[in-house]
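Engineer: The structure under discussion is supplied below as structure tokens; questions concerning it will follow.
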Amino acid sequence: MSSYSFSKTLALLITAFLITACSPKLDWRTVQSPQEGYTALFPGKPEKIDRVLPYQDQKIAQVLEAVKIDDDIYSVSSTYLNKEQLPLLPKLIEQIQSNLFNRASVNAESAASADVVYQTAARQRAAAKDYFLEFPSTGAVETAMRVRWIVRVRPDSGAWIYQLSVLHTAPARVDAKKFFAEEAYANFFDEFRPE
């Protein structure tokens, strides 16, 4: 191959790489959410929704940041309990988890899962568990999810419940545990840093 042909081929490969790198699928950005107490890596610019959830005659603040890329929705849900609401924490987290497990026709023991370690903003390591859910088929689409819950309690100011998830919806069923091990999904989960 001549030097000119090699240079031309290299230029085409670099151009193709740059075009691919500019696609929304690869538009990774660090999102800082100081009010919700975390930093996350999203594959695009997320939309932010604030809402209030009624729970046992209480109003619970929740913020959702999410972005849809192709067949996937990457999201971080932050639910805040003030210090007076802290006694609600065990039942609330149980209800949040069981609602999702019920939709997938599993429970915490029967769901596919993996023990993981995440890092806080202060670089402390903490244990968590990822769940890999495959929801019942609707016939037209197949839905799978990887989800992780992290609870950060601050007795003087309350607690945050974080739900990190990627929801994949497509015509074909995937093996959720294998599918969500891909780098794009691992980056999203591995780079979440709560305070």
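The values are calculated or read from the model by the stated rules, or taken from the named source; none is laboratory data. Here the structure is a predicted model, which is why all the values come from computation and not from measurement. In this analysis, Cβ positions are derived from the backbone assuming ideal geometry, glycine residues included, and neighbour counts consider all displayed protein chains. We work out accessible area using only protein heavy atoms, side chains counted, and drop any ligands, DNA or RNA first. Shrake-Rupley method; radii C 1.70, N 1.55, O 1.52, S 1.80 Å.
Engineer: Based on alpha-carbon centroids, what's the gap between the stretch 51-89 and the stretch 106-182 in Å, whole number please?
Structural biologist: So the two Cα centres are separated by 15 Å.
Engineer: Take every Cα-Cα pair in the stretch 27-150 and report what % of them are more than 20 Å apart.
Structural biologist: Numbers: 4239 of 7626 pairs.
When every Cα pair of the stretch 27-150 is considered, 56 percent fall beyond 20 Å.
Engineer: Could you check the spin-label model distance between residue 28 and residue 138? Points 7 Å from the Cα along Cα→Cβ, value in nm.
Structural biologist: About 3.1 nm separates the two model spin labels.
Engineer: Additional query: By how many degrees, 0 to 90 and rounded to 10, does the Cα axis of helix 3-21 deviate from the longest principal axis of the chain?
Structural biologist: Between helix and principal axis, roughly 20 degrees.
Engineer: In addition: Taking the Cα atoms only, what angle lies between the long axis of helix 89-103 and the longest principal axis of the chain, rounded to 10 degrees?
Structural biologist: So the inclination is approximately 50 degrees.
Engineer: Right, another one. Given the -39500 (n - 2.57) contribution per DSSP H run of 4+ residues, what per-residue ellipticity at 222 nm results for the chain, rounded to the nearest 500 deg cm²/dmol?
Structural biologist: -7000 deg cm²/dmol
Engineer: Another one. Assign one of three labels to the stretch 78-195, namely rounded, prolate or oblate, based on the Cα gyration tensor with a ≥ b ≥ c the square roots of its eigenvalues; rounded applies when a/c is under 1.5, prolate when it is not and a/b is larger than b/c, and oblate otherwise. Show your work: numbers first, answer last.
Structural biologist: Numbers: a/c = 2.52, a/b = 1.52, b/c = 1.66.
Oblate, because a/c is 1.5 or more while a/b does not exceed b/c.
Engineer: Also, I was wondering about something else. As a test of reading the structure, rank 84, 134 by solvent-accessible area (1.4 Å probe, protein chains only), most first. Present the calculation step by step, with values, prior to reporting the outcome.
Structural biologist: Working: 84 135, 134 80 Å².
Most to least solvent-accessible, the answer reads 84, 134.
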